[in-house]
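Have a look at the structure below, then the notes.
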Amino acid sequence: MPIYVYRCPVHGNFSMLRNIDERNDPPDCPKCRRVAERAVDEEGSDFALKGSGWYRDGYK
């Protein structure tokens, strides 16, 4: 099961391990039980492969 990030309007982001089928179902915040929405990073991620052997255009 993947980990998804959700955003509570009061407490901010929290992560939750959920089935793929449940990913868009709004969960309750674990702290205040308010309905949270899925936090989607619109700018992309900061994921980067570093070290020898990794290239921007592929693996060499």
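By accessible area of protein heavy atoms, probe 1.4 Å, what ranking do ILE3, ILE20 get, highest first?
On the way: ILE3 120, ILE20 95 Å².
So, going from the largest accessible area down, we get ILE3, ILE20.
In a fully extended conformation the segment linking ILE20 and ARG33 would gain 2.5 nm over its present Cα-Cα distance, using 0.36 nm per residue.
The values are calculated or read from the model by the stated rules, or taken from the named source; none is laboratory data. Keep in mind the model is a prediction, meaning the values are calculated, not measured. Each accessible area value is taken on the protein alone, full model and side chains, heavy atoms only, with ligands, DNA and RNA left out. Shrake-Rupley method; radii C 1.70, N 1.55, O 1.52, S 1.80 Å.
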